[in-house]
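Data block below; observations after.
FYI, it's all coordinate maths here, none of it is from the lab. Keep in mind that this is a model prediction, so the values were computed, not measured. Positions of Cβ are generated from backbone atoms using ideal geometry, with glycine treated the same way; all protein chains shown enter the neighbour counts.
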Amino acid sequence: MSALTYKKNDDIESGNLDKMTVFQDCISGFNTSPIQSKKCRILLAKLIHLLSTGDSFPPEEATTLFFSITKLFQHRDVALRQMVYLAIKELSATANDVIMVTSSIMKDVQAANDMIYKPNAIRALVRIIDASIVQGIERLMKTAIVDRHAAISSAALISSYHLLPIAKDIVRRWANETQEAVITQKSFPSSVHGSSLDSSSGSNYSPGISTMTQYHALGLLYHLRAHDRMALMKMIQQFSGTGSALRNANAIVMLIRYIAKIIDEDQSNTLRPQLYGYLEGWLRHKSDIVNLEAAKTILALPNVSEVEAHAAISVLQAFLGSPRTVSRFAAIRILNRFAMIKPQSVVACNIEIESLINDPSRSIATYAITTLLKTGTEASVDRLMSQISGFMNDISDEFKVIVVDAIRSLALKFPAKHGSMLTFLAGTLRDEGGITFKTAVVEALFDMIRFIPDSRDTALGHLCEFIEDCEFTELTVRILHLLGVEGPKTGNPTIYVRYIYNRVVLENSLIRAAAITALAQFALVDNAQIKDSIKVLLTRSLDDPTDEVRDRATLSLRLLGLQDQSVAKEFLRPTAKYSLPQLEHVLATYVSGGKEQFATPLDISSVPRLTEEQVRAQTLKNLKAQEEEQVKSKSSREGAAANAGSNAKGASGANGAGKNESADLQKSIDNAKYAQELQAIPEFQSYGPIFKSSSKIPLTESETEYVVTAVKHMFKEHLVIQYDVTNTFNEYVLENVIAEVQGELEEEFIIPIDRLVPDSTGTIYVSFARDSADLVTGTCYNNLKFVSKEIDPDTNEPQDGGFDDDYSLENLEILAGDYVTPSYIGNFQHQWDELASFESTGAYQLPGSSSIADATATLVSHLNMMALDGSDSPTSESTHTLKLFGKCITGEKVIALIQMVYRSANGVTLKIAARSENESIPELLTDSIGVL
């Protein structure tokens, strides 16, 4: 190509293509007679580039382009014909009446000698036909699947995948041909002589053996037999072990993954010994990827024994010394994950792992050092810390976070060695890095302060030095808050005051405001000299240019000047905060009421208060929603129809996120209201804070004479059920209304409703004792008992006497989700690996769920965990993976991974795997799905 021609078409490389110009050039070029094949190929390349990078054409323009392209079928140039089919595939989703070119494409599919573009024709054909035509091309597809040329056979097999959603029953009839494609050796054209191929040029191929068809055929065969457990086992037995016809390494890797899935679903473990034998045999395969996949699968088996793991670890140990970087990386990553479960089993590889600390690949070195941190002893901590420092500047922030998390775990494991780890973390704070990395380091220091009291003063000192030149406002504010909480508790709190006041002098208004609040907390210590010094510093801030800073300083000085310091502590170090949306609403209503409204003071007690944990959970929810919106805004779309569909889903997702956020906020407000109500009842004042309150659960129909709802309040050592009873029966007054409850827990006492007049609502409280470590689930059988008195129509008063009556209520379930509260984490996979100590799995059907989205919402609500990575908004109508995380009432973390498949006949079928630091929680969580 000449330099002029190259410059003329460099807009493809630069991406500076104008969609309208390309459209007009294509229409003009494709309708030119005679057809200029070279020019048309360039135009098609530009068109395909636009479509593949997210641009789209309206249906009318796409249709015009589509039928202009079909005119190029007249030319026999091989390269042009291949480009034509690529363009047809891209436009078929948006153009209208594409089915009209079926006959033209069928000619190339049926041609005996056009081996170059016959695979392209097959792929294009399945994109333009509908379900009614699949049966008509069945013979052609069967013939193509068993074709001796690998390219044609693979094209037919992959096209069969695309036909499964619209004609699964027809594709199932191709099982014999697919089986033959797995076994038969295929040839692959390795060279073509000449620039074009006509009917006489079929002999220009120099065939070579290809096994990639086995990979495509095995995948399709699995889909065809997945519904039949016996057929699936027969397939695995046929292609496993010695003498198998399976030669392709990718196909064997896929077969290993099928075996892992069957072992995971085999609750009785009857198939495990036989299938494990196949996996162990593949450890000695000549292909590295097969060895690594088999080793990874063995180590990931549920409850893998030391004997089973030994062979896999030995193979991985050998790979640690491989000259191939990718093999070393795969081996150390597998060992790193297994070390989270059974670190002692990996100790045998420590010598080889230590040699990787100085590996040229910093990623391998990172995994090596974090593995050693998991398997090392207390005596080796100092040596490991000195080795880590040498390569931290050479790795990315993502791997730095992994190292920091490993060090945090090691510090909590060996608290006596916290000194060297604090020194290392302080050094990393001074290194270059983004906010994600810096936040990980700060979080590690926060945890050490919280769980290792001896490290508090040193860690606070490092944080003080960090905020001197911290460029992240969010982190500085968090550290100032921590200094305000922990600093006054230290032996010499005045050393932190200078660092905090420097922020008042040097930083922006957000940091200055946080620093003022932190300073005020130091004045609460029992030291008059410190208090006077803080007052002087706060007085200097009364002239600050920002009103927020001035207001905080003024309020703090006013509170510190009160005789009753308990009031100052309540405001400066509150245990709960007002709900800001509710406070804003109350203030707006008060201000809009006019002058008459100002005659009475604002009733602040009407605003619910939220605990620190509730505020933190709501903040994390908001951050999660923002991340999901950012992900949606960056997603690419193919074609105008796909674009419209994506926009519709995005809008729906955004609306859904807004609704979910509002629901979460309302729930937090309700929880605060319940906490205030229960705290006001003397019998519950000794119970401590509420862990969580459920939403209202109806126990009767809404139109019955007595409407009853229940709310479950979970405390650390108690369960309180609140029954709200509404009397809609105008002829009777109810007295001494109680709820009889039979269940697994021991009933302590009942607070009844003394009198319930018509059209009024009263509340019954039933308290149960529970062991703080015992998570009891089960059914509560409810019955309402009361004395019913008829109302005299003349006096409108209840008559004397009355009679005992009862009213049956629906049962109330105590679920695993009642002991779990939603919580947010940034890295699901890392947390999943960390919580591998105890795991439980289960498979269930949800026939009542009408869609994947419906099932997702039900599971999130039922398990009461937070959906991560945007998994609460499914993008597929047939399959979805839901990622959940939460914290248990006993303090342990709990994580769940749910894989769902939707079929119209059976509803949603799901498989759940749950992990936790507590042995009983995962099983409790998986079993709870059975009550849905």
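One table, with the values for the structure above:
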{"quantity": "Relative contact order of region 817-931, pairs being alpha-carbon contacts under 8 Å that are 6 or more residues apart, as %", "calculated": "35"}
{"quantity": "Summed residue charge, Cβ within 13 Å of Asn393's Cβ, Lys/Arg positive, Asp/Glu negative", "calculated": "-1"}
{"quantity": "Sorted peptide list for 180-186, 78-84, criterion being average Cβ within 10 angstrom, highest first", "calculated": "78-84, 180-186"}
{"quantity": "Cβ-derived FRET efficiency at R0 56 Å, Arg139 paired with Asp724, nearest 0.05", "calculated": "0.25"}
{"quantity": "Modelled FRET efficiency - R0 60 Å, His310 with Gln110, Cβ distances, 0.05 increments", "calculated": "0.60"}
{"quantity": "For region 347-454: rounded, prolate or oblate by the Cα gyration tensor [a/c cutoff 1.5]", "calculated": "oblate"}
{"quantity": "Paramagnetic reach from Asp288 (point 7 Å along Cα→Cβ, amide N under 19 Å) across region 237-264", "calculated": "248-254"}
{"quantity": "Positive-end extreme of charge dipole, the chain - chosen from Ile166, Thr270, His216 (charges on Cβ)", "calculated": "His216"}
{"quantity": "Point-to-point label distance, Thr423-Gln845, nm (Cα→Cβ direction, 7 Å offset)", "calculated": "6.3"}
{"quantity": "Mean Cβ neighbour count within 10 Å, used as a protection proxy, ranking 96-105, 906-915 highest first", "calculated": "906-915, 96-105"}
{"quantity": "Net length gained if the chain between Gln185 and Glu919 were fully extended (0.36 nm per residue, minus Cα distance)", "calculated": "259.2 nm"}
{"quantity": "Relative packing of 366-378, 829-841, which averages over residues the other C-beta atoms within 10 Å, highest first", "calculated": "366-378, 829-841"}
{"quantity": "Label corresponding to Cα extents along the principal axes in Å when calculated from the structure given, among (1) 104, 79, 66; (2) 100, 72, 60; (3) 96, 84, 71", "calculated": "(1)"}
{"quantity": "Förster radius 25 Å - calculated FRET efficiency between Gln563 and Asn527, Cβ distance, rounded to 0.05", "calculated": "0.90"}
{"quantity": "Above-threshold pairs, the threshold being 23 Å between Cα atoms, out of Lys168/Lys883; Lys673/Lys696; Lys489/Lys692; Lys531/Lys569", "calculated": "Lys168/Lys883; Lys489/Lys692"}
{"quantity": "Inter-centroid distance (Cα atoms) of region 439-469 relative to region 861-932, Å", "calculated": "35"}
{"quantity": "Cα centre as origin, Lys/Arg/Asp/Glu Cβ charges: the chain dipole, Debye", "calculated": "5360"}
{"quantity": "Bins of 5 Å from zero: percent of alpha-carbon pairs in region 472-574", "calculated": "2, 14, 27, 27, 20, 8, 2, 0"}
{"quantity": "Fewest-first ranking of Ile332, Ile27, using other Cβ atoms within 10 Å as the exposure measure", "calculated": "Ile27, Ile332"}
{"quantity": "Ascending count of other beta-carbon atoms within 10 Å, so fewest first, for Ser37, Ser702", "calculated": "Ser702, Ser37"}
{"quantity": "Rel. contact order, % - alpha carbon contacts under 8 angstrom, at least six apart, the chain", "calculated": "5"}
{"quantity": "Net lengthening on full extension, Val505/Thr32 (0.36 nm per residue, minus Cα-Cα)", "calculated": "162.9 nm"}
{"quantity": "Length added when fully stretched, Ala416-Thr53, from 0.36 nm per residue minus Cα-Cα", "calculated": "125.2 nm"}
{"quantity": "Pair Glu701, Arg498: separation of 7 Å Cα→Cβ label points (nm)", "calculated": "7.7"}
{"quantity": "Given charges at Cβ of Lys, Arg, Asp, Glu: the chain dipole, positive-most of Val401, Ala444, Thr494", "calculated": "Val401"}
